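Chemist: If you scroll down you'll find the structure; I have some questions about it.
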Amino acid sequence: VNLFAPDIYVQALPDILENSNTNIFGIVRVADKDKGVHGQIKSLDIVDGDPDGHFRIKPTDRPGEYVIEVHRLLDRETAPAGYNLTLRAVDRGVPPKQSYLVTPVRLADINDNAPVFNREIYEVSVPETSPPNTPVIRLKVTDRDEGKNAKVFLEIVGGNEGGEFRVNPETGMLYTAVPLDAELKAFYTLTVSAIDQGNPGTRKQSSAKVKINVQDTNDNDPIFETANLTIYVDENEPAGTSVTKVTARDKDLGENAYISYSIANLNDVPFDIDHFSGTVRTSKLLDYESMRREYVLRVRASDWGLPYRRQTEMQLVIKLRDVNDNRPQFERIDCMGRIPRYTPIGTEIFTLSALDFDYGSVVTYRLLSGFEDGCFNLDSVTGIISVGCDLNDVGVEQRELNVTATDGTHFADTARIQISLVRNRRNLGANLKAEDGATFECRETGVAQRLTELMAAAERNNMPGREAGVSGAADDFAMMPSRYGENVHAPEFVDLPLEVKINESIPLGTTITWIKARDRDLGYNGKLVFGISGGDDDSVFRLDPDNGELKIIGYLDRERQDEYLLNITVYDLGKPQKSISKILPITVLDENDNVPKFEKSLASFRVTENAINGTIIFQVKATDADLGQNAKITYSLVTDTRDFRVDPETGVLTVVAPLDRERQEVYELKIRATDGGGDQNTPALYSDALVRVTVDDINDNAPAFSVRDLTVRIREDVPRGTVVTVVSAIDLDSGTSSEIVYSFGENGDGEGSFRIDKQSGTIRTARMLDFEERQLHSLLVKAIDRGTPSLSSETSVLVEVIDVNENRFAPQFEDYVLTGAIAENKPPGAQVMQVLAKDADLPGPDSRVTYSIKGGDGLGIFTIDNEGRLLPI
């Protein structure tokens, strides 16, 4: 009877290197406890776990031994979890029995895959105002290998000659390393290499391009071609006359480089400037004699950048150049006078006075008419008119002199002097005194007063020190204050947290705090840029450079790092740039995100089946990387069994019920380690370990016969050695304890008539049987195992001897050929003849003779009865 299914034994399979040329890597042994053909193994094959046929099983020369071979190239990356091969063994019993065993096959990694970037070319833009250590882009690299073969380090191998960028070799985050300047270099193409950490000689690498566009910001002031300029301008030019053109340039791009011009003087000046071209023009007529002769203009150039304009100033000195634009003017005109004729020759009778408003002009006088006879002379320098002849000889009573004054370019209006010549004193008139000799009356022009006022205004307008604002005078050339002033103040933190606490499970993109700061300056001097200048080695934080928003950009793990000391730096955009830094501690709080880990997740032990209750099998140990309650571990036995128990606190696995290998030989106990992090909303985390306990056999089972009190029948005439029956017993123990030896019990061999095979239990006749001598034999069969101590059982076999015909003599006819005859018209049943045969056996059944026709009757028309009478049918 086929009672047992085959047992499959697999040695621990080693890890197989992927892509290796290994063929045989595992040995499998199959055994069956049945006897004979039932215990023979028909086949062992793989029925599941290898859909692509990478493995095959072949028998060896040893019975029941097989090898597992690899006959197709393995790739760990296509089967990262390995294979769970299901083996099936089938015996040759009737009906056949089969058993299954799942055996894991793990593939060991070799470094056969290069790192792969998720993109071949990365493109990104970064403002040039980004402070050092600003995250630019995270480069994502994967490697299909595992372990150190999959650990990838990144480095910049090209395009970073100035060291403007750096990459975190582990996280792949690309950072700025120094302040950038789009005006110096606006585009970078970096080559970043990724190399795995496999064994030297097997390391593989790949590379990617990172194109970085440095975005221009308004970080440059306009610059004048010259900071100080002095020019000369002629007076009296009409309003709108172009004086000069100033030019400033801005290194920025676009609107940041557009420039407009203005005059920043606080007080009005007689000049204006074209806002776009920088052309300086006069705004009114300039007068050297009455106005300021030197102007200091503060010309300001402002760009169009946002959010603030940048500006710079230059000093433009405009000096008026005097032009001879005034003609001399006589102080007195329309003069009338009397001169005695006795006035001696050479006597100075009148002095002309002409004034010129031009600065430094020299006035000379000229005679126009009335001097033809030489009786009057005119000094061209002093304007003195003197007598040049004896006036008594002059035949007229009246003389008219016409004179003019010139500065060398312009002439004054003609001055007319009417002179009356008198002969006696009484004719001199009341206004002529004898000692004077002559007297004149003229009309005053007031030019002297006007010149005095002009000179006073000129002196007032050009007073020394006026530009510097001394002597209490207003500073005509004071510059309007700059819109934004100088960069005087450094940034200041406002309510910076002393510490920030966050859970390690915080989602990406979460804002954890806002960094607030201020700067009491204006414009770019007060424009702030935020940055993390240190402390973020894991690339998990990002500080928005514009608004100070601190976000999570990488996954936190308290078990990797429980605290970050971020160096928060705030810069202004003034020149020179000022900054302030402060350490912000970030504490990562524990979340129940780690499952307990067993020191050994798979273990095998053996225990004898007579182990007493309380026997310690093994102590499982698990640890949890979390903290506090999250790390408190409780052990439990998941497998439904009453034979073992695990202590919930210590993890000690003990026997708690009698074991019976024959009832269950192998226990696969699943032990669960559960942490204490569960609550109403979140279940606790756990992991399982598999402990295989094999119950070792002791000889506690006696052999048991499959059939007890067997009765068999056998003919008395069977030859000696004939098989009477086969008794079969089984022993539920294992090993030698299950090996059985058969024998007859005391006086149980039928007085030597039978013998039994001690291995197979086959009972054979030991001598000839004789029904007449003994019809019934009672045998006692004993089955003894080979255990220590041995156990046995007995069964009875009742052999019934069947009587057999013992006639030793065959019937004999009187002759070998007998002849008979019958007429053809005889009816059926008519006797043809009667034959007679005699038997020499003793009277009885052995000598009783019966007859039959064996052949020769043609179509079967004759028959013979037991008396030997031959009859037609």
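Chemist: Where both partners of a DSSP beta bridge lie in the range 223-321, what percent of those bridges are antiparallel, to the nearest 5?
Modeler: Numbers: 22 of 29 bridges.
Close to 75 percent.
Chemist: Something else about it: Can you sort 38, 71, 489, 777 by solvent-accessible area, 1.4 Å probe, largest first?
Modeler: 71, 489, 38, 777
Chemist: Related question: Mind checking the full-extension length gain between residue 279 and residue 840? Use 0.36 nm per residue of separation minus the Cα-Cα distance, one decimal, nm.
Modeler: 185.3 nm
Chemist: Could you list which residues have their amide H under 5 Å from that of residue 137, counting only those 5 or more apart in sequence or on another chain, with H placed in the peptide plane?
Modeler: 174
Chemist: Find the centroid of the Cα atoms in the range 255-314 and in the range 516-560, then give the distance between the two in whole Å.
Modeler: Cα centroid to Cα centroid, the span is 41 Å.
Chemist: Considering only C-alpha atoms, what is the centroid distance from the range 794-873 to the range 140-219, in Å?
Modeler: Here the two parts' Cα centres lie 115 Å apart.
Chemist: Pairs of alpha-carbon atoms within less than 8 angstrom and 6+ residues apart define the contacts here; what relative contact order does the chain have, in percent?
Modeler: Once divided by the residue count of the chain, the mean separation gives 5 percent.
Chemist: When Lys and Arg each count +1 and Asp and Glu each count -1, what net charge do the other residues less than 11 Å away from residue 127, Cβ to Cβ, add up to?
Modeler: -4
Chemist: For the chain, take the longest principal axis of its alpha carbons; what is the angle in degrees between that and the long axis of helix 447-461, to the nearest 10 within 0 to 90?
Modeler: So the inclination is approximately 30 degrees.
Chemist: Can you compute the radius of gyration and Dmax for the range 807-872, using only the Cα atoms, both in Å?
Modeler: Answer for the range 807-872, Rg first and Dmax second: 13.6, 43 Å.
Chemist: Using only C-alpha positions, report the orientation-averaged shadow area of the convex hull of the range 7-108, nm², one decimal.
Modeler: Computing the convex hull of the Cα atoms and averaging its projections yields 6.4 nm².
Chemist: Same structure, new question: Please compute the Kirkwood hydrodynamic radius over the range 619-714, one decimal place, Å, based on all pairs of different Cα atoms. Mind dumping the intermediate values first?
Modeler: Working: mean 1/r = 0.0606 Å⁻¹.
That comes to 16.5 Å for the range 619-714.
Chemist: Set the Förster radius R0 to 30 Å, insert the Cβ-Cβ distance between residue 84 and residue 513 as r into 1/(1 + (r/R0)^6), and round the FRET efficiency to 0.05.
Modeler: 0.05
Chemist: With every protein chain left in place, what is the accessible area per residue of the chain in square angstrom, probe 1.4 Å?
Modeler: That works out to 54 Å² per residue.
Chemist: Taking 0.36 nm per residue of sequence separation and subtracting the Cα-Cα distance, how much length would be gained by fully extending the chain between residue 23 and residue 351, in nm to one decimal?
Modeler: Going from the current span to full extension adds 104.1 nm.
Chemist: Suppose we keep just the alpha-carbon trace of the chain; what are its Rg and Dmax in angstrom?
Modeler: Considering the chain through its Cα atoms, Rg and Dmax are 68.2, 244 Å.
Chemist: Let me ask something else about it. Which percent of the accessible heavy-atom area of the chain goes to carbon and sulfur, probe 1.4 angstrom? Intermediate results must be reported in sequence, preceding the final value.
Modeler: Numbers: 23040 of 47420 Å².
Whole-percent figure for carbon plus sulfur exposure: 49.
Chemist: Give me the percent of DSSP beta bridges within the chain that run antiparallel, rounded to the nearest 5.
Modeler: Numbers: 173 of 212 bridges.
For the chain, the DSSP antiparallel bridge percentage is about 80.
Chemist: Hey, which aspartates and glutamates would be in cross-link range of residue 251, C-alpha to C-alpha under 15 Å, not counting anything within fewer than 8 residues on its own chain?
Modeler: 128, 181, 183, 216, 219, 221, 225, 303
Chemist: How long are the three semi-axes of the equivalent ellipsoid for the range 223-321, computed from the Cα gyration tensor as the root of 5 times each eigenvalue, in whole Å, largest first?
Modeler: Working from the Cα gyration tensor, I get semi-axes of 28, 12, 11 Å.
Chemist: Another question, then. Over the range 541-602, what is the relative contact order in percent, taking alpha-carbon pairs closer than 8 angstrom and at least six residues apart?
Modeler: RCO, the range 541-602: 26 percent.
Chemist: Using a 7 Å offset from the Cα along the Cα-to-Cβ direction at both residue 802 and residue 125, what is the distance between the two label points in nm, to one decimal?
Modeler: 10.9
Chemist: Pull up all non-local amide H partners of residue 159: gap of 5 or more, or a different chain, and H-to-H distance under 5 Å with H placed in the peptide plane.
Modeler: Residues meeting the criterion, in which the H sits 1.01 Å from N, are 191.
Chemist: A follow-up question, please. Write down the Å³ per residue value for the convex hull defined by the alpha carbon atoms of the range 366-413.
Modeler: 73
Chemist: If you don't mind, another one. Could you report the accessible area of residue 506 in Å², rounded to 10, computed with a 1.4 Å probe on the protein chains as they sit in the structure?
Modeler: Roll a 1.4 Å probe over it and residue 506 shows about 30 Å².
Chemist: Tell me the net charge near residue 766. Cut-off is 11 Å between Cβ atoms, residue 766 excluded, with +1 for each Lys or Arg and -1 for each Asp or Glu. Could the numbers behind the result be given before it?
Modeler: Details: positive: 720, 755, 764, 767; negative: 749, 751.
With Lys, Arg at +1 and Asp, Glu at -1, the net is +2.
Chemist: Let me ask you something else. Note down the net charge around residue 183, summing +1 for each Lys or Arg and -1 for each Asp or Glu among other residues with Cβ under 10 Å from its Cβ.
Modeler: -4
Chemist: If the cut-off is 29 Å between C-alpha atoms, which lysines fall inside it for residue 600, apart from same-chain ones fewer than 8 positions away?
Modeler: 148, 151, 621, 632, 670
Chemist: Counting only residues 5 or more places away or on other chains, whose amide H sits under 5 Å from the amide H of residue 678 once H atoms are built in the peptide plane?
Modeler: For residue 678, the qualifying residues are 684, 685.
Chemist: Counting just the Cα atoms, what span does the range 688-810 cover along each of its three principal axes? Round to the nearest Å and put the largest first.
Modeler: Dimensions of the range 688-810 along the principal axes of its Cα atoms: 85, 29, 20 Å.
Chemist: Can you give the three extents of the C-alpha atoms in the range 116-215 along their principal axes, from longest to shortest, in whole Å?
Modeler: Result for the range 116-215: principal-axis Cα extents of 44, 21, 19 Å.
Chemist: Given a Förster radius of 35 Å and the C-beta distance between residue 771 and residue 37 as r, what FRET efficiency does 1/(1 + (r/R0)^6) yield to the nearest 0.05? Let's see the in-between values first.
Modeler: Working: r = 35 Å, r/R0 = 0.99.
Efficiency computed from Cβ-Cβ geometry: 0.50.
Chemist: I would also like to ask the following. Could you check the spin-label model distance between residue 423 and residue 608? Points 7 Å from the Cα along Cα→Cβ, value in nm.
Modeler: About 18.9 nm, to one decimal.
Chemist: Something else about it: Per residue of the range 107-114, what does 6.51 cos²θ - 1.76 cosθ + 1.60 with θ = phi - 60° give for ³J(HN,Hα)? Whole Hz please, x for Gly and Pro, Karplus curve as stated.
Modeler: In residue order, the calculated couplings are 8, 8, 7, 10, 7, 10, 10, 7 Hz.
Chemist: So, in nm, how far is label residue 581 from label residue 226 when the simple model puts each one 7 Å beyond its Cα toward the Cβ?
Modeler: So the two model labels end up 4.4 nm from each other.
Chemist: Determine the gain in length on full extension of the stretch residue 315-residue 362; use 0.36 nm per residue of separation and subtract their C-alpha separation, reporting nm with one decimal.
Modeler: My answer for the length gained is 13.4 nm.
Chemist: Based on Cα positions only, what radius of gyration and what Dmax would you give for the range 254-408, in angstroms?
Modeler: 28.8, 95
Chemist: Determine ³J(HN,Hα), in whole Hz, for all residues of the range 527-540 in sequence, where each value follows from phi through the Karplus function 6.51 cos²θ - 1.76 cosθ + 1.60 and θ = phi - 60°; x replaces Gly and Pro.
Modeler: For the range 527-540, the Karplus-derived couplings read 6, 10, 10, 9, x, 9, 8, x, x, 10, 5, 8, 6, 10 Hz, x marking Gly and Pro.
Chemist: Read phi for every residue in the range 78-95 and hand back ³J(HN,Hα) as whole Hz from Karplus 6.51 cos²θ - 1.76 cosθ + 1.60, θ = phi - 60°, with x for Gly and Pro.
Modeler: Taking θ as phi minus 60°, the curve returns 8, 9, x, 8, x, 10, 10, 7, 9, 9, 10, 10, 10, 8, 9, x, 10, x Hz for the range 78-95.
The values are calculated or read from the model by the stated rules, or taken from the named source; none is laboratory data. Because the structure is predicted, anything quoted here is derived from the model rather than measured. Reconstructed Cβ throughout: ideal geometry from the backbone, glycine too, with neighbour counts over all protein chains shown. When the accessible area is computed, the model is the full protein with side chains, heavy atoms only, and any ligands, DNA or RNA have been set aside. Shrake-Rupley method; radii C 1.70, N 1.55, O 1.52, S 1.80 Å.
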